[in-house]
């Protein structure tokens, strides 16, 4: 989505959150209209994650309006999730390389973070942005597949165990879309044991980092792999 659409969506979501502090039928109806507008724009630009978030937020507002299936807190959370995704999109647009960068350079500095922990996803996204990468984050298989096709990342950083994502299928799909290019897979997990080892043996990631090692260790692992790839490319 173009930058101005992210900005408009954020303003609408922010106004909606403010309205929900003192909700009324007219304010909720206005918020629902704005959410439909965001969903339509997101659909036109093939942002499946925003479409889903806007759908969920609109459903919550409608349920709140008719007094069934959703309470006020659930509605606020749904709109907040949408606003968060819009903010990440706006930040990614702002971090786009300068127009002088070649299409190859733009494509090659993209990272997809798959993690159902919002705290972890945001921490990793911010850390990678600080190192001049473009970043998208997902928490479900549907979102991940959509981003693989539209965003075309060259690095995948994924938690191993997530209820709404099959990490083995994700990694296989990611590598199948390589188009002859080197694709880096870095897995992270807070778990240990045979189940984790089984996944690592099957996927064979380029690196594995225990979550307890912290965000910096994940980022350093990716940077080390990146430098090695660049060195190989120069030979």
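The values are calculated or read from the model by the stated rules, or taken from the named source; none is laboratory data. The shown structure was predicted, so the numbers you read here are calculated from the model rather than taken from an experiment. Every residue, glycine as well, gets a Cβ built from its backbone with ideal geometry; the counts of neighbours run over all protein chains shown.
A quick yes/no check of all residues on (1) out of contact with any strand residue (DSSP E or B) (no Cβ under 8 Å at 6 or more places or on another chain); (2) under 28 Å from residue 112 (Cβ atoms); (3) in a helix (DSSP H, G or I):
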position	(1), (2), (3)
6	yes, yes, yes
18	yes, no, yes
23	yes, no, no
35	yes, yes, yes
40	yes, yes, yes
53	yes, yes, yes
56	yes, yes, yes
62	yes, no, yes
75	yes, no, yes
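Looking at 148, 134, 129, just one residue is without any contact (Cβ under 8 Å) to a residue 60 or more places away in the chain, in the same structural domain as residue 225 (by TED's automatic domain parsing) and farther than 20 Å from residue 90 by Cβ, and that residue is 148. Residue 51 meets the conditions (1) under 30 Å from residue 131 (Cα atoms); (2) in contact (Cβ under 8 Å) with a residue 24 or more places away in the chain in every case but one. The failed one is (2).
State yes or no: is residue 187 within 25 Å of residue 88 (Cα to Cα) and either in contact (Cβ under 8 Å) with a residue 60 or more places away in the chain or not assigned by TED's automatic domain parsing to the domain that holds residue 55 (or both)?
Values: within 25 Å of residue 88 (Cα to Cα): yes; either in contact (Cβ under 8 Å) with a residue 60 or more places away in the chain or not assigned by TED's automatic domain parsing to the domain that holds residue 55 (or both): yes.
Yes, satisfied.
Among the residues making up region 1-34, those that are in contact (Cβ under 8 Å) with a residue 60 or more places away in the chain, under 26 Å from residue 151 (Cα atoms) and surrounded by 16 or more Cβ atoms within 10 Å (Cβ to Cβ) are 1, 6, 9, 10, 13.
Within the bounds of region 88-110, is there any residue that is within 18 Å of residue 4 (Cβ to Cβ), in contact with a helix residue (DSSP H, G or I) (Cβ under 7 Å, 6 or more places away or on another chain), outside the structural domain of residue 222 (by TED's automatic domain parsing) and at pLDDT 85 or above? No, that holds for no residue.
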